[in-house]
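See structure below.
The values are calculated or read from the model by the stated rules, or taken from the named source; none is laboratory data. Not measured: the values here are computed from a predicted model. Methodologically, a virtual Cβ is constructed for each residue, glycine included, from the backbone with ideal geometry; neighbour enumeration extends over all protein chains shown. Heavy atoms of the whole protein, side chains included, go into the accessibility calculation; ligands, DNA and RNA do not. Shrake-Rupley method; radii C 1.70, N 1.55, O 1.52, S 1.80 Å.
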Amino acid sequence: MKEEKQFETESRQLLDLMINSIYSNKEIFLRELISNASDAIDKYKFLSLSDTAKYPSKDYLIRINVNKDERSIEIVDNGIGMSKTDMEKNLGTIAKSGSKDFLKKYKEAKDSKDLSIIGQFGVGFYSAFMVASKVEVRSKPTGGKGTLFTSTGKDTYTVEDIDYPVDSGTSVKVFLKKDTDDEKYSDFLNEFKIEELVKKYSDYIRYPIKMVEKHQENDKDKDGKDIPNKTHEVKEDKTLNSMIPLWKKPKAEVDEKAMNEFYKNKFDDYEDPLMSLYIKVEGTISYSALVYIPSHAPYNLYSENYEKGLALYSKGIFIQDKCKDLVPDYLKFLKGLVDSEDFPLNISREMLQKSPLMDKIAKNIESKVLEKLKDMMKNDPTRYDKFFTVYGDYLKYGIYSSYGMKKESLQDLLLYPSLNSGDKKISLKDYEEKMKPEQKDIYYASGKTLDEIRMLPQMEKYRKNGLDVLLLADDIDEFVLMMMHDYDKKEFKNITAEDKEDLSKEEKDKLDSLTALYKRFLDDVKEALPGKVDAVEFSDKLVDSPVCITTKEGLSLNMEHVLEKQPGVKNEPDSEKPKAIKVLEINPDHELFKTLAKVTDDKEIRKYGSLLYDEALLLEGYEVEDKKAFVKNLNDLMMVSATGKPEEAKPTETKAETEEKKA
C-alpha cells in the first residue's frame, strides 16, 4: 500500500535551501549518489566480516543505467540496503544521516578502522533534486522486503512495499528536469559526459562503477571485410573508474616510473616531472599526497590569472581542483593532490573550511618539498640546476615576501653565478667554504646583465686580490640579500657601496692627504654635477679604470633602477622617486687624473668633471643621462689644439693660494 507522508524535519523552504543553495555545481549530484552507494557497500562489507551467514561475501558493484527515452539516470549498488523504516528515517528526514549513526554505533568495533564512510552530513541524496523532477529509490535489506520511496522534492514523499528482486541493495533513479535556455539537463544522459564526471569525481571509489556503453560497428562479410553502409549496435559493459588510487598503495610498491606516469596522465604533460614526491603521514595528522614539480613552467605561471593549488580528495572522492591553502605562494608551481579523511569540509563538501589542521598539513607538505629539493641539490646537482633555472626566482620571492622569515629554510637552496665560478652557479655554502681566512663578509655586485656586472670598474680590486663576488643580475636578487642581511653570521656587502671601514690607517691617511691637496679640483667637479652626485672623492677600489660611481646608505644604483621601473613609482615626480646617494670616485693613480690635475681653469675642470661622470655611468652599464651635453663636451675637447708634451702634473692650487698670488 502506498503511503504519502510529509518530510519530518523541515518545511518546503528548507528543502529549497538544500536543493538550491548548499550545492553550487549541479554535476555534483552524481558524485553524491555514487558516494552513498559506496557507503552502502562499505556497511555490508563490514558486517560480512563478523556474520558471513547473514551477509555472505559478493562481488561488490556500483552500476549506472541510462534510459534516454524516459530521461532517467539510475545508480544501483549491491550494498546493505534499507528497510521502509530506514527510508523514512534517512530519506524522509532532511539532514538525518544514517551513515553517521552507523559509524557511531560501530566505532568501538575491532575492525571499524576499515570502514570508510563518506556521507557524514545526510544531505547528499537531496543534491539529486538540483537536476531531478522526480526521484525513485528502490531498496531492500538482507532478509527484508523491498520498498519504493518516491519524491518530487516538494513537501511530501511516498513509500510503498514492492517486489525488488535482489539479495540486498539500493537503486536511485533520477528523472531529469526538462531542458531550459539556461540548463541542458539532457547532457547528463550522454554516456561520455557520465564517464567524464565519474573520472573527475569518483575515479578512486574502491568498488567498480560500471555502465553499458553502446556504439555502432560495421557489419562484416564472410571474408571479414566491412560491408558498406551496414552497421549494428554493440553493447559493452565498461568499468569507468580506476578504483585503487596510486596514493593508497604502500610506498614500497610505488616507484618513480609509476609516479611519473600518473603525473603525465593526470596533468596532461608530455614530459616527466623534475621532481615527484609521495607523502604518507599517519598520526595526529593523517593524509596522503602526490606532489610534483613540472620540468617546464606552466604556460601561464607568470600570469595574474594563474591558479595555484593541489587537487583535494577526501577518502578518494574528488572535492576541489585547486586548493590554494595547501601551497604557499613561493611554491605556486607545484602540482599534485592531497587526500585526507580529516579535511574540514563544508556541508556540501565542495570546499574547505579554515582550520588549524589545514595549516599543519600545508606546512608539512612545504617542509617535505624543501627536504626533497635539498636532497636533489646534494645528490643530483644537474637536475637541481635545471630546477633553479626555471623556478629559482620563486624561492627568492619566498625570502623577500616573508621579510626574511623563511631565510633559514630557503637560503641553502639559492644559487648565484660568481666572479670566480665561470658559467657555474654556486650556493652560499659553496662561497663560504672558499672564502679567504681574513675575509669577513660575502661580497656581491648587481646590475642589468652578468656581462655588465663583470665589467664594473669596482670589480678590478677583487679580481686582482683573488676574492670572489656573487653576481646578481635578477631584479629581486639584491632585495633578497637585504632581507637576509647575513649568511652564517657573515654579512652581505655590495662592492659598489662606499665602505672605508676596512682600510688600513696608511690607506686612510693617503686618501685624506690627497683630498686636502686636490680639494679645489674635487669641488669643481662636484659643482659641474648638480643633482647628479652627492660627493666627489678619491677611490680605494680602482686599479685600471679612472672613475666609478659608488653609493651610500643601502640603496644602490641597480636598486634605484629596479624601483624606477615599478608601476607605482614610474609616474611619481622625480623629487619623490627613491634615489641612491651617489659618490663619483676618482682613481688618483690613473694617468688620466694626473693629466687633469694640472688644469688650472675652473671652467675646463667642470667640463672634464661632466665627462668623467658620463664615463662612470657607461662603465657601470647605464646610459648617459644628457647625450647632447656629452657630445658637445667631447667635441669641444677634441677641437682644442694639441699643446705638445704635457707638463709634469702639479697639485691644483686652492682658491686661497690663487687670491694670495693676485695680491
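Conditions (1) in contact with a strand residue (DSSP E or B) (Cβ under 7 Å, 6 or more places away or on another chain); (2) over 19 Å from T496 (Cα atoms); (3) at pLDDT 90 or above, marked per residue:
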| residue | (1), (2), (3) |
| --- | --- |
| V547 | yes, no, yes |
| E553 | yes, no, no |
| N558 | yes, no, no |
| L563 | no, no, no |
| E572 | no, yes, no |
| K577 | no, yes, no |
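Report yes if K251 is open to solvent by 50 Å² or more (accessible area, probe 1.4 Å) and basic (K, R), otherwise no.
On the way: open to solvent by 50 Å² or more (accessible area, probe 1.4 Å): yes; basic (K, R): yes.
Yes; evaluated as a whole, the condition is true for this residue.
Hey, among D412, D451, which residue is farther than 29 Å from L370 by Cβ and assigned to a helix (DSSP H, G or I)?
On the way: D412 fails: farther than 29 Å from L370 by Cβ.
Checking each option against the conditions leaves just D451.
Failed condition for A258, given (1) among the aliphatic types (A, V, I, L, M); (2) over 30 Å from T389 (Cβ atoms); (3) part of a helix (DSSP H, G or I), with all others met?
The number of the failed condition is (2).
Can you tell me which of D181, D219 is among the acidic types (D, E), at pLDDT below 95 and open to solvent by 50 Å² or more (accessible area, probe 1.4 Å)?
On the way: D219 fails: open to solvent by 50 Å² or more (accessible area, probe 1.4 Å).
When all the criteria are applied, what remains is D181.
Let me spell it out: the conditions are (1) modelled with pLDDT under 95; (2) within 24 Å of I194 (Cα to Cα); (3) buried (at least 21 other Cβ atoms within 10 Å of the Cβ), and V159 meets all of them except one. Which number is the exception?
(2)
Restricting attention to the stretch 184-216, and to residues there that are in contact with a helix residue (DSSP H, G or I) (Cβ under 8 Å, 6 or more places away or on another chain) and among the acidic types (D, E), which single residue is most open to solvent (accessible area, probe 1.4 Å)? Talk me through it step by step, then tell me what you get.
First, pick out the residues of the stretch 184-216 that are in contact with a helix residue (DSSP H, G or I) (Cβ under 8 Å, 6 or more places away or on another chain): 187-188, 193-194, 197-198, 201-202, 204-207, 209, 211, 213-214.
Among the residues that remain, those that are also among the acidic types (D, E) are: 187, 213.
Working: D187: 74, E213: 21 Å².
If we take residues in the stretch 184-216 being in contact with a helix residue (DSSP H, G or I) (Cβ under 8 Å, 6 or more places away or on another chain) and among the acidic types (D, E), then D187 is most open to solvent (accessible area, probe 1.4 Å).
Which count do you get for residues in the stretch 523-556 that are open to solvent by less than 40 Å² (accessible area, probe 1.4 Å), closer than 21 Å to I453 by Cβ and out of contact with any Phe, Trp or Tyr (no Cβ under 7 Å at 6 or more places or on another chain)?
Step one: list which residues in the stretch 523-556 are open to solvent by less than 40 Å² (accessible area, probe 1.4 Å), which gives 524-525, 528-529, 533, 535-536, 538-542, 545-551, 555-556.
After this cut, where a residue has to be closer than 21 Å to I453 by Cβ as well, the list is 539-542, 545-551, 555-556.
This time we only want the ones that are out of contact with any Phe, Trp or Tyr (no Cβ under 7 Å at 6 or more places or on another chain), so: 539-542, 545, 547-551, 555-556.
Qualifying residue count for the region: 12.
For the stretch 360-369, does any single residue satisfy the condition of being more than 18 Å from V281 (Cβ to Cβ) and either modelled with pLDDT of 85 or more or touching a His at 6+ places or on another chain (Cβ under 8 Å) (or both)?
No; the residues of the stretch 360-369 include none that is more than 18 Å from V281 (Cβ to Cβ) and either modelled with pLDDT of 85 or more or touching a His at 6+ places or on another chain (Cβ under 8 Å) (or both).
Check off (1) open to solvent by 10 Å² or more (accessible area, probe 1.4 Å); (2) closer than 17 Å to S139 by Cα; (3) under 42 Å from the mean Cα position of the chain (by Cα); (4) at pLDDT 85 or above for G98 and give me the number that stays unchecked.
(4)
For the stretch 465-511: of the residues being β-branched (V, I, T) and under 17 Å from K436 (Cβ atoms), which is surrounded by the most Cβ atoms within 10 Å (Cβ to Cβ)? Reasoning before the result, please.
At the first step, the residues of the stretch 465-511 found to be β-branched (V, I, T) are 469, 476, 480, 495-496.
Pick out the ones that are also under 17 Å from K436 (Cβ atoms) and you get 469, 495.
Values: V469: 25, I495: 23.
Filtering first and then ranking leaves V469.
Can you confirm whether the stretch 450-462 contains a residue that is in contact with a strand residue (DSSP E or B) (Cβ under 7 Å, 6 or more places away or on another chain), open to solvent by less than 30 Å² (accessible area, probe 1.4 Å), over 21 Å from I581 (Cα atoms) and not aromatic (F, W, Y)?
Looking for residues that are in contact with a strand residue (DSSP E or B) (Cβ under 7 Å, 6 or more places away or on another chain), open to solvent by less than 30 Å² (accessible area, probe 1.4 Å), over 21 Å from I581 (Cα atoms) and not aromatic (F, W, Y), one finds none in the stretch 450-462, hence no.
For the stretch 1-94, list the helices (runs of 4 or more DSSP H) that sit wholly inside it and hold at least 3 residues that are modelled with pLDDT of 85 or more and more than 39 Å from the chain's Cα centre (by Cα); which are they? It would help to see each step written out before you state the result.
On the way: elements: 12-20, 28-48, 84-90.
The helices (runs of 4 or more DSSP H) meeting that bar are 28-48, 84-90.
What pairs come up if the first residue lies in the stretch 59-76 and is touching a residue at least 40 places away in the same chain (Cβ under 8 Å), the second is assigned to a loop (DSSP other than H, G, I, E, B) and surrounded by fewer than 19 Cβ atoms within 10 Å (Cβ to Cβ), and their beta carbons are under 8 Å apart, counting only those six or more places apart or on different chains?
Note: pairs meeting the criteria are Y60/P208; L61/P208; I62/P208.
Can you list the helices (runs of 4 or more DSSP H) lying wholly within the stretch 471-541 that have 2 or more residues being closer than 15 Å to I586 by Cα and of a type in the set (S, T, N, Q)?
Numbers: elements: 477-484, 505-517, 519-527.
The qualifying helices (runs of 4 or more DSSP H) are 505-517.
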